[in-house]
Structure formats: structure tokens, C-alpha cells
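Chemist: Have a look at this one before I ask anything.
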Amino acid sequence: MLILIAEDDELILKTIEHKLLKEGHEVILTRNGKEAIETLKEREVDLAITDIMMPFASGIEILSAIQTMGKEIPVIMLSAMGQEEVVLNAFDLGASDFIIKPFSPNELMLRIKRFIPK
């Protein structure tokens, strides 16, 4: 499974990358929203994991770009903000799941497994 990770916190980015590689997935790392959107235009991915607050384009803008491109990619949103309005907005725009930071890499893997075809 090819998974795009959009996260500007290097420690979180590397932690997710390590866990996904260990589980046998391929990953594409992006460190800001603009880079993530450009990558999504060029590559077909099976799943996207994106932080909400990032430089150049937010996770919400990435989600919107995926919709505009007509791609049906599950998107797991990450955020330190647990505000109900932000969560509801993400789901309204098509987010598949939402995890509040800090989170356990094992919890993230359980949520990712829901999107792996059986």
C-alpha cells in the first residue's frame, strides 16, 4: 500500500514513516501542504495521512484538493487541535478518520488497517 504522509513535525513524520515501513507499506513523505498537493497531482496513492496545520497549505486544503482532483483516497487527519468545529469540518470535507495528537503509532496502524483491501 502506498501512503502519503503530510506532516511538518519531523519527529512525527519519521515516527509514522518508521512504523509504516516496518509494517510493509511504501511511503511518500511531504513536509508541507503545497508539496503534498503537488505529489498527489503526480502520483496515485492508496491512503493519505495529513496534519491539519502545516505551512503553505493546510490539511483541509489538501483534502479539498483531493476532492477537486476527483480522487477517492481515504484521508486520515492529524491535529493537536481537538476542537469539535475543526473535526466536523474535516469530516464534512470527506476525511475518513481523525486522530488527535499525541497519538500511539499502534493506534494509527489499527486505523490504517481499516482501509486496506482484504
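The values are calculated or read from the model by the stated rules, or taken from the named source; none is laboratory data. Here the structure is a predicted model, which is why all the values come from computation and not from measurement. Every residue, glycine as well, gets a Cβ built from its backbone with ideal geometry; the counts of neighbours run over all protein chains shown.
Chemist: So which residues in the stretch 85-96 are part of a helix (DSSP H, G or I) and surrounded by 15 or more Cβ atoms within 10 Å (Cβ to Cβ)?
Modeler: Scanning the stretch 85-96 gives Val86, Val87, Asn89, Ala90.
Chemist: All but one of (1) surrounded by fewer than 20 Cβ atoms within 10 Å (Cβ to Cβ); (2) under 12 Å from the mean Cα position of the chain (by Cα); (3) polar (S, T, N, Q) hold for Thr50, so report the exception by its number.
Modeler: Failing condition for Thr50: (1).
Chemist: Report, ordered by the first and then the second residue, all pairs with beta carbons closer than 9 Å, sequence separation of six or more or different chains, a first member in the stretch 79-96 that is within 15 Å of Asp51 (Cβ to Cβ), and a second member that is among the hydroxyl-bearing types (Ser, Thr, Tyr) and surrounded by fewer than 14 Cβ atoms within 10 Å (Cβ to Cβ).
Modeler: Hits for this filter: zero, empty list.
Chemist: With the checklist (1) under 22 Å from Arg114 (Cα atoms); (2) modelled with pLDDT of 95 or more in hand, flag the one item Phe56 doesn't pass.
Modeler: Going through (1) under 22 Å from Arg114 (Cα atoms); (2) modelled with pLDDT of 95 or more one by one, Phe56 breaks only (1).
Chemist: Could you count how many residues in the stretch 21-47 are of a type outside the set (D, E, K, R) and either in contact with a helix residue (DSSP H, G or I) (Cβ under 7 Å, 6 or more places away or on another chain) or farther than 22 Å from Pro105 by Cα (or both)?
Modeler: Residues that pass the stated criteria total 10.
Chemist: Among the residues of the stretch 33-51, count how many are part of a loop (DSSP other than H, G, I, E, B) and farther than 17 Å from Ile16 by Cβ.
Modeler: Total satisfying the criteria: 2.
Chemist: When only residues in the stretch 12-32 that are assigned to a helix (DSSP H, G or I) and within 11 Å of the chain's Cα centre (by Cα) count, which is surrounded by the most Cβ atoms within 10 Å (Cβ to Cβ)?
Modeler: Ile16
Chemist: Let me ask something else. Sort through Ala6, Ala65 and tell me the only one that's small (Gly, Ala, Ser), surrounded by 14 or more Cβ atoms within 10 Å (Cβ to Cβ) and more than 27 Å from Lys118 (Cα to Cα).
Modeler: Ala65 is the lone residue from the list that is small (Gly, Ala, Ser), surrounded by 14 or more Cβ atoms within 10 Å (Cβ to Cβ) and more than 27 Å from Lys118 (Cα to Cα).
Chemist: Is it the case that some residue within the stretch 97-114 is part of a loop (DSSP other than H, G, I, E, B) and of a type in the set (A, V, I, L, M)?
Modeler: Within the stretch 97-114 (the criterion being part of a loop (DSSP other than H, G, I, E, B) and of a type in the set (A, V, I, L, M)), the answer is no, since none of the residues qualifies.
Chemist: Now a separate question. So which pairs qualify, if the first residue must be in the stretch 24-47 and touching a residue at least 60 places away in the same chain (Cβ under 8 Å) and closer than 18 Å to Ser79 by Cα, the second must be surrounded by fewer than 18 Cβ atoms within 10 Å (Cβ to Cβ) and polar (S, T, N, Q), the Cβ gap must be under 9 Å, and the two must be at least 6 apart or on different chains?
Modeler: Leu47/Ser96
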